[in-house]
Amino acid sequence: MNAPVPAAVVEAYGMSCGSLEPLIAKHLRALGPGEVLEVRSDMEEAADGIAAWVWLAGHALVATVKEEPAPRARYYVRKKASQ
């Protein structure tokens with residue numbers, strides 16, 4: 001699968017969802033509508049937590065790329081269009 005080209009990257013290794021989601025929100029605020037943020041995580045619960053938060057916030061999780069060693073992954077979040 002081809003991942004989108006991110007406008008910014010957040011390395012969030014070792015972070016739980018409680019601290020990860022505010023970090024994602026902070027970085028998305030700095031991006032323009034439609035730009036993509038790459039979030040790198042090694043926490044198993046990040047997959048569900050990021051997907052749920054992105055949906056609730058109105059953004060889009062456009063790709064997930066699993067890496068080794070598991071559960072490392074890269075999540076690509078597209079910022080919602082401006083209201």
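The values are calculated or read from the model by the stated rules, or taken from the named source; none is laboratory data. Keep in mind it's a predicted model, so treat the numbers as computed, not measured. Cβ sites come from the backbone with ideal geometry, for glycine too, and all protein chains shown count toward neighbours. Side chains included, ligands, DNA and RNA excluded: accessible areas come from the protein's heavy atoms. Shrake-Rupley method; radii C 1.70, N 1.55, O 1.52, S 1.80 Å.
Considering only protein heavy atoms and a probe of 1.4 Å, how much of the accessible area of segment 15-83 is carbon and sulfur, as a whole percent?
The nonpolar share, carbon plus sulfur, comes to 55 percent.
What residues qualify as long-range amide H neighbours of Met15, i.e. H under 5 Å apart, gap of 5 or more or another chain, H built at 1.01 Å from N?
Result for Met15 returns Asp42.
Spelling out what I want: for every residue of segment 11-25, take phi, set θ = phi - 60°, compute 6.51 cos²θ - 1.76 cosθ + 1.60 (Karplus), and round to whole Hz; glycine and proline get x.
With the stated coefficients, segment 11-25 comes to 8, 10, 5, x, 8, 7, 4, x, 9, 6, 5, x, 5, 4, 4 Hz.
Give the longest segment of the chain that steers clear of GluC sites (Glu not before Pro) in DSSP loops with at most 13 neighbouring Cβ atoms within 10 Å, not counting the sites themselves.
It runs 1-43.
Net charge near Glu35, counting Lys/Arg +1 and Asp/Glu -1 over other residues with Cβ under 12 Å of its Cβ?
Its environment carries a net charge of +3.
Say a paramagnetic label sat at a point 7 Å from the Cα of Arg72, along Cα to Cβ; which residues of segment 12-29 have their backbone N under 13 Å from it?
Inside the label zone: 12-14.
With the cut-off at 1.5 for a/c, could you classify segment 1-62 from its C-alpha gyration tensor as rounded, prolate or oblate?
In terms of gyration-tensor shape, rounded.
Report, by chain and number, residues whose modeled amide H sits under 5 Å from the one on Ala60, excluding near sequence neighbours (fewer than 5 apart, same chain).
Arg78, Lys80
Averaged per residue, what accessible area in Å² does the chain show with a 1.4 Å probe, protein chains only?
57 Å²
Where does helix 46-57 land angle-wise versus the long Cα axis of the chain, in degrees 0 to 90, nearest 10?
Long axis of 46-57 versus the principal axis of the chain: about 10 degrees.
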